[in-house]
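Here is the structure we will look at.
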Amino acid sequence: PREEVAYVTCTYRETCIDQPDFLATIDLNPRSPYYCQVIHRLPMPNLKDELHSSGWSAGCTCFDNITTKRNKLILPCLISSRIYVVDVGSQCRAPKLCKMIEPVDVFWKCNKGYLSVVHSLPNGDILIANMGDPAGNGKGGFIVLDGETFELKGNWENECEAPPTGYDFWYQPRHNVLISSAGLVPKRAGRGFNPDDFKKGVFGRRLNVWNLSCRTLTQCFDLGEDSLPLSVKFLHNPDAAEGYVSCALSGIVYRFYKCEANNWAVEEVIRIPAKDVTGWIMPKMPAFIVDLIISTDDKYLYLSNWLHGDIRQYELSKTCKPRLVGQVFVGGSILRGGPVAVCRDEELKCQPEPLVVKCKRVYGGPSKLQLSLDGKRLYVTNSFYSTWDKQFYPTLVKEGSVMLQIDVDTEKGGLTVNKNFLVDFGKEPNGPCLAHDIHFRSGDSTS
């Protein structure tokens, strides 16, 4: 079915507004009088959590069990390290908080913190990746929640297997593999982006391959110094033994794939060049790919380029040679009339124009993506991480986030901003907020 409700994580951290983060429920039914409006807000009981990623308590790998329902949304907190469990099954348009796991439990039981991406496992348990230890030093790995009681069970991997940093992951049960990305060191990233941090181990560089059943690290790929691999996705075909990882600072997308003897390999398939600029923090502005998603039919791949400001669509008929077929600018740091001037650009002849939707100027750059099941509607928010939002896009923090809809040509490829759709988080009752992750109750391309 077409998506009719979206759940979006929203934070007030770094906005100078002393209010708790909340989960926004948005009406996506074009026939509704409340279309593209926030129809419900579920505030969290604490301040400055930084709601970031979210995920369902049950995924498609659990759906051979007819008792499994997509009725709980798990909200791990990037900064506080709390975990909230939200009931969206009782009233899908008015979710309720049903459980909270405090940071001290995560710290003491797992020696982990700075929680990021969450997915349900084939056995029904819930896996949450983390970025650091309780002190904010880099430490990768995962913690596990019981899929029925939502009790904290402990660490997923052996202590000696924890990578130096972590962020995102995806798995493919039929090939008994889980692949995770590197992320960055939380306490250094929490001070903002600093070019002096290059070559100091702050920005991750590894892609990790795990044995899913044994929970052991089997291979590591070094993707280059300060590459910062973030988003990881397998193809949706459950038999497919390949996927992609996007690197934020190098602007490279790698394809990973299974070869002989259960070994895995990686190859570069997309490279977005940096732009030579003036008026910015560095003389070269990297692409900074925040998110990568794949349509449920495995036909197209989408990237959000947070700093340059564009969303890209690649056709995947040859998975080793993705072909650019769609591109649209929805903000960014290189807009015409802004403080940054582009001196040399391998791709563009001129700087893009600012985007205005429903009389609102859009600030920030495209961050989190979500795609409808039929692949025709791509939704995007423009907050990446509150501290870096404030540094690179201070007007975004002042004016608040937006959620946009991009219309997709699923036949030939092509992206167009829908000028009739805008969710304006600058008009929230408690003041402008920053919106990030998106999920649909009826299912989406990442759950």
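Distance check, please: which entries in K258/K318; K139/K368; K199/K368; K349/K412; K200/K275 exceed 20 angstrom between their Cα atoms?
K139/K368; K199/K368; K349/K412; K200/K275
Quick one: ranking K321, K109 by accessible area, 1.4 Å probe, largest first, what do you get?
K321, K109
Please work out, to two decimal places, the log10 of the ratio I(q)/I(0) at q = 0.13, 0.16, 0.20, 0.22 Å⁻¹ from a Debye calculation in which every Cα of region 300-447 carries one identical scatterer.
Listed by q, the Debye log ratios stand at -0.59, -0.88, -1.31, -1.48.
Provide Rg over Rh for region 1-151; use the alpha carbon set for both Rg and the Kirkwood Rh (inverse mean inverse pair distance).
Rg/Rh for region 1-151 comes to 0.98.
For region 147-289, what does the equivalent ellipsoid look like in terms of its semi-axes, each the square root of 5 times an eigenvalue of the Cα gyration tensor, given largest first in whole Å?
29, 20, 13
Accessible surface of W280 in the full protein assembly, 1.4 angstrom probe, to the nearest 10 Å²?
Answer for W280: close to 50 Å² accessible.
Suppose the chain between L97 and D222 were pulled fully straight at 0.36 nm per residue; how much longer would it get relative to their current alpha carbon spacing?
41.0 nm
As a test question: what accessible area, to the nearest 10 Å², does E260 have when a 1.4 Å probe is rolled over all protein chains in place?
In the full protein context, E260 sits at about 130 Å².
With +1 on each Lys and Arg Cβ and -1 on each Asp and Glu Cβ, and nothing else charged, work out how big the dipole of the chain is about its Cα centre, in Debye to the nearest 20.
Result for the chain is approximately 700 debye, rounded to the nearest 20.
Just by accessible area at a 1.4 angstrom probe, what is the order of H175, H439 from largest to smallest?
H175, H439
How large is the dipole of region 328-367 about the Cα centre if only Lys and Arg carry +1 and Asp and Glu carry -1, each at its Cβ, rounded to the nearest 20 debye?
260
Give me the percent of the accessible area of the chain that comes from carbon and sulfur atoms, probe 1.4 Å, all protein chains in place.
49
Per residue of region 243-254, what does 6.51 cos²θ - 1.76 cosθ + 1.60 with θ = phi - 60° give for ³J(HN,Hα)? Whole Hz please, x for Gly and Pro, Karplus curve as stated.
With coefficients 6.51, -1.76 and 1.60, one gets x, 9, 10, 9, 10, 5, 8, 8, x, 10, 10, 9 Hz.
Going by average Cβ density within 10 Å per residue, which order do the peptides 387-393, 247-253, 314-320 take, highest to lowest?
Packing proxy ranking, top to bottom: 247-253, 387-393, 314-320.
From the protein chains alone at 1.4 Å, what is the descending order of accessible area for C16, C10, largest first?
On the way: C16 130, C10 0 Å².
Per-residue accessible area, sorted high to low, gives C16, C10.
Calculate log10 I(q)/I(0) of the chain for q = 0.07 Å⁻¹, where I(q) comes from the Debye formula with a single equal point scatterer on each Cα and nothing for solvent.
-0.30
In this model, which of K69/K153; K233/K376; K99/K376 are farther than 27 Å apart at the alpha-carbon?
On the way: K69/K153 21 Å; K233/K376 19 Å; K99/K376 35 Å.
In this structure, K99/K376 exceed 27 Å between Cα atoms.
For region 243-353, with the dipole built from +1 on Lys and Arg beta-carbon atoms and -1 on Asp and Glu ones, taken about the Cα centre, which of L324, T296, G337 lies farthest toward the positive end?
G337
Taking only the C-alpha atoms, wrap a convex hull around region 167-206 and report its volume per residue in Å³ as a whole number. Don't skip to the end; give the middle numbers.
Details: hull volume 2.7 nm³, N = 40.
Convex hull volume per residue, Cα atoms: 67 Å³.
Once you have a ≥ b ≥ c as the square roots of the Cα gyration tensor eigenvalues for region 75-191, tell me rounded if a/c is under 1.5, and otherwise prolate or oblate according to whether a/b is larger than b/c.
Oblate shape, in that a/c is at least 1.5 and b/c is the bigger or equal ratio.
In debye, nearest 20: dipole of region 246-321 around its Cα centre with unit charges on the Cβ of K, R (+) and D, E (-)?
That gives a dipole near 140 debye.
P(r) tail for region 205-268, what percent of Cα pairs lie past 18 Å?
36
For a test of the definition: using alpha carbon positions, the gyration tensor, and the 1.5 limit on a/c, classify region 242-287 as rounded, prolate or oblate.
Here region 242-287 falls in the prolate category.
Taking 0.36 nm per residue of separation and subtracting the Cα-Cα distance, what length does fully extending T278 through A261 add?
Once the chain is fully extended between T278 and A261, it gains 1.2 nm.
Just to verify a number: what accessible area does R312 come out at with the full protein assembly present, 1.4 Å probe, Å² rounded to tens?
So the heavy atoms of R312 present about 10 Å² to solvent.
State the extension gain, in nm to one decimal, for the chain segment bounded by R323 and N46, taking 0.36 nm per residue of separation less the distance between their alpha-carbons.
Roughly 95.2 nm would be gained on extension.
Among C247, L378, G201, pick out the residue whose Cα is farthest towards the positive end of the charge dipole of the chain, where Lys and Arg carry +1 and Asp and Glu carry -1 on C-beta, about the Cα centre.
The residue sitting most towards the positive pole is L378.
The values are calculated or read from the model by the stated rules, or taken from the named source; none is laboratory data. Quick caveat: nothing in here was measured; it's all calculated off a predicted structure. We place every Cβ from the backbone using ideal geometry, glycine too, and count neighbours over all the protein chains shown. Just the protein is used for accessible areas: all its heavy atoms, side chains included, with ligands, DNA and RNA removed. Shrake-Rupley method; radii C 1.70, N 1.55, O 1.52, S 1.80 Å.
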